[in-house]
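Engineer: Dumping the structure here so I can ask a few things about it.
Rule-based calculations on the coordinates, nothing more; no lab input. Since the model is a prediction, treat every value here as computed from it, not as a measurement. Using ideal geometry, Cβ is built from the backbone for each residue, glycine included, and neighbour counts are taken over all protein chains shown.
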Amino acid sequence: RELVVFHDIEASRLIPFTNKTTVSVDASLTEKYIEKIVLPIIRHHDITSRGLNIAEEHRACEALLALEESVYEETVLRLSFRYGDKTFTPDFSSGNKFVYTQEENGKTAVCYFFRDTATERRLMQQLKDANLVRINESHFKPAESAQEKELSEWITNHRESLAGNFQLTNAKTQTVYCLDEIRMEQNRTDGVDWFELQITVVVGDCRIPFTRFRKHILNGIREFMLPDGRIILLPEEWFYKYADLFEYGDSSEKTIRLKPSLMGIVNAVSEDKDPDSPISYTPKKKYDTPQRLKAQLRRYQQDGFNWMMHLKEHHFGGCLADDMGLGKTLQTLTLLLHTYDRMPEEENTSIPASLIVMPTSLLQNWRREVMRFTPLTVYEYTGNGQSKQTKCNLLFNDYHLILTSYGIMRNNVE
C-alpha cells in the first residue's frame, strides 16, 4: 500500500471514493455539489472532466485606488485589483486561482482564471517606494518621512506615475478621477490704481478660466467637473495659496482685480513678481504640529492652528471661536508650543512667559490641559503672598505660561 497526501482537500471529500468508483448526485443537487465539492478541488488542483465544461480565462489586472475616510477621520487610499467583474484585496492567503460557475445554454459550466500576483506585488511596492505606508491589508497613507502630509498633496505630486498604473476613485461616490496634468497660464496687467490677473487652468484640451474655481477654493470643495464631464481633484496648494486672492479680489468672468494695497497678495500668486515691492506677504499654508505635542489634531483643529500661525507670522490679532468641547484650548496650546520650540536656545535662557487670562472657573481645566498635552511649564497666578512686582518678575522669567483670572489681572494691572 502507498500513502498519498492531497493538499488543500478535506478528507471527507475523498472518503466516498475509497469504496466506490463513482458518486451519484441527484439532478436537483448538482449545482450545490459543484459549488461545495468540485470548485474547491479545482481551485487548488488540475482536473479532467467529461460532461462538465471547464474553461480557463485570461483576464487583465487593473489596480484601483479609492479615496475614503478611516475611522480616525483621516483620508486614506484603499487598494484593490480588478479582473473583469471580480475585485480582490491585496491578500494572497487564499491562492491566486479564482474559480466560479456560470450558465451556458442551460448547463452549468466552470470557469477559472489566475491573478497576476507579480503585477499586484510590483504595484504595491510602487506605492511604498513613493512614501506611502501600508496601515492594514488594503489601506495606505503618506509615511511619516514623506514630504506630503496630506494625501491630496501626495496625489498631486505623483499624478504622472498614478495615471499610468492606477485608476483613482472616490469610494463613497464611485467617481473616477482624471489624472491628467493640471497646469496654469498667467497674464498680469498693472493699472493706475489696480492690478489685474488673468489665469487659465489647462487640463488636456480643456482651458478653464481660474475664476470658475472661486467657489471651490473658498468652500474647500476638492472635486471639479471639467467641460468634457471628467472630474479632477484640485491640488492641495490651491486652497491656501489662492484663498486670499478670491476673498479680497473682485472676480469677473475671466479676471481678478485687486487694489494696490493688496500688492502682497498679487506678488504671492503671480509668476511675474515685483522685485521692488516693499510688501512681504505669505499666503495661508499648512504647518507641522510640534513634535513634543502629546495629541493628534483633528482636521478642523489643524485648520484652526494653521489660521492662528498665519495671523502670528503677519503680526495680526485674531479670534478663535467654536462650540464648547471642540478643542480651542488644544489649538491654542499647539500654537504656544510651536512658538517656544522655534525659539533659539539663547533666547530660552530667559523664558518670555505668555499670559493667559480667563474666568476663574476655567483655571484648573487649563492647567490640566497644559500638563496633559505639552511639556510647557505653567503657573497659576493668584496675586497673594510676596510683593506683586517681585513675584511677577520672577514668574515671567521662569515659566512658559502664566494663568490668571480677570479679577486678579484687574487688581494687578499696574
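Engineer: For residue 108, enumerate residues with amide H under 5 Å from its amide H, sequence gap 5+ or separate chain, H modeled in the peptide plane.
Structural biologist: Here nothing satisfies the definition.
Engineer: Also, quick follow-up: Using the Karplus curve 6.51 cos²θ - 1.76 cosθ + 1.60 with θ = phi - 60°, work out ³J(HN,Hα) for each residue of the stretch 50-61 in order, rounded to whole Hz, and write x for Gly and Pro.
Structural biologist: Calculated HN-Hα couplings, in order: 10, x, 10, 6, 10, 10, 8, 10, 10, 10, 6, 8 Hz.
Engineer: Over 32 Å apart: what share of the alpha carbon pairs of the chain falls there, rounded to a whole percent?
Structural biologist: Pairs farther apart than 32 Å: 60 percent.
Engineer: Moving on to the next point. When the scattering of the stretch 182-269 is computed by the Debye formula from its Cα atoms alone, each counted once and equally, what is log10 I(q)/I(0) at q = 0.10 Å⁻¹?
Structural biologist: -0.24
Engineer: Just want to confirm a number: the relative contact order over the stretch 1-84, from Cα pairs under 8 angstrom separated by 6+ residues, in percent.
Structural biologist: 19 percent
Engineer: Next question. Hey, in the GNM for the chain with a 10 angstrom Cα cutoff, which one of 360, 334, 75 fluctuates hardest?
Structural biologist: 360
Engineer: Residue by residue through the stretch 209-225, what is 3J(HN,Hα) from phi via Karplus (6.51 cos²θ - 1.76 cosθ + 1.60, θ = phi - 60°)? Round to whole Hz and write x for glycine and proline.
Structural biologist: x, 4, 4, 6, 8, 4, 4, 5, 5, 6, 10, x, 8, 8, 9, 9, 8
Engineer: Which of 358, 263, 308 moves most in a GNM of the chain, Cα contacts under 10 Å?
Structural biologist: 358
Engineer: In addition: What are the ³J(HN,Hα) values, in whole Hz, obtained from phi via the Karplus relation 6.51 cos²θ - 1.76 cosθ + 1.60 with θ = phi - 60°, for each residue of the stretch 98-111 in sequence order, with x given for Gly and Pro?
Structural biologist: 10, 10, 8, 10, 8, 8, 10, 6, x, 10, 7, 10, 10, 10
Engineer: Give me, ordered by chain and number, the residues 5 or more places off residue 167 or on other chains with an amide H under 5 Å from its own placed amide H.
Structural biologist: For residue 167, whose amide H was placed from the backbone, the distant partners under 5 Å are 63, 64, 65.
Engineer: Using unit Cβ charges (K, R positive; D, E negative) and no other charged atoms, how large, in debye to the nearest 20, is the dipole of the chain about its Cα centre?
Structural biologist: 1080 debye
Engineer: In nm, to one decimal, how far is the modelled label at residue 35 from the one at residue 212, with both set 7 Å along Cα→Cβ?
Structural biologist: 5.0 nm
Engineer: Let me spell out the model: positive unit charges on the Cβ of Lys and Arg, negative unit charges on the Cβ of Asp and Glu, origin at the Cα centre of the stretch 62-170. What dipole size does that give, in debye rounded to 20?
Structural biologist: Dipole size: approximately 460 debye.
Engineer: Still on this structure, I have one more. With 10 angstrom as the radius, rank 354, 161 by how many other C-beta atoms surround their C-beta, starting from the fewest.
Structural biologist: 161, 354
Engineer: Of 90, 374, 51, which is farthest along the charge dipole of the chain in the positive direction, counting Lys and Arg as +1 and Asp and Glu as -1 at C-beta?
Structural biologist: Towards the positive end, the residue furthest out is 51.
Engineer: Under a 10 Å cutoff between Cα atoms, tell me which one of 232, 37, 256 has the largest fluctuation in the Gaussian network model of the chain.
Structural biologist: 37
Engineer: Neighbour counts of other C-beta atoms within 10 Å: give me 337, 3 arranged from fewest to most.
Structural biologist: Lowest to highest Cβ neighbour count: 3, 337.
Engineer: Counting other beta carbons within 10 Å of each Cβ, put 155, 135 in order, fewest first.
Structural biologist: The most exposed by this proxy come first: 135, 155.
Engineer: Cross-link list 128/172; 172/312; 36/97; 241/312; 241/328; 36/128: which exceed 28 angstrom alpha carbon to alpha carbon?
Structural biologist: As for pairs spanning more than 28 Å Cα to Cα, those are 172/312; 36/128.
Engineer: Now for a separate question. Provide the percentage of antiparallel DSSP beta bridges, counting only those with both residues in the chain; round to the nearest 5.
Structural biologist: In the chain, approximately 75 percent of DSSP beta bridges are antiparallel ones.
Engineer: Sticking with this one: Given a Förster distance of 22 angstrom, what is the FRET efficiency for residue 339 paired with residue 74, based on the Cβ-Cβ distance and rounded to 0.05?
Structural biologist: That pair, residue 339 with residue 74, gives E of 0.25.
Engineer: If you don't mind, there's one more thing I want to ask. Can you give the angle from 0 to 90° between the axis of helix 117-129 and the longest principal axis of the chain, with both taken from C-alpha atoms, to the nearest 10?
Structural biologist: 10 degrees
Engineer: Also: Rounded to the nearest 500, what is the chain's calculated 222 nm mean residue ellipticity when only DSSP H runs of at least 4 contribute -39500 (n - 2.57) each, over all residues?
Structural biologist: One gets -8000 deg cm²/dmol as the mean residue ellipticity at 222 nm.
Engineer: Let me ask something else about it. For the stretch 171-313, what's the relative contact order in percent, using C-alpha pairs closer than 8 Å and at least 6 residues apart?
Structural biologist: Taking the mean separation of contacting Cα pairs over the length of the stretch 171-313, I get 20 percent.
Engineer: Put +1 on the Cβ of each Lys and Arg and -1 on the Cβ of each Asp and Glu in the stretch 66-173; which of 109, 79, 140 then has its Cα farthest toward the positive end of the dipole?
Structural biologist: 109
Engineer: Of the options 170, 16, 405, report the single residue whose Cα projects farthest towards the positive end of the charge dipole of the chain (beta-carbon charges: Lys, Arg +1; Asp, Glu -1).
Structural biologist: Highest projection toward the positive end goes to 16.
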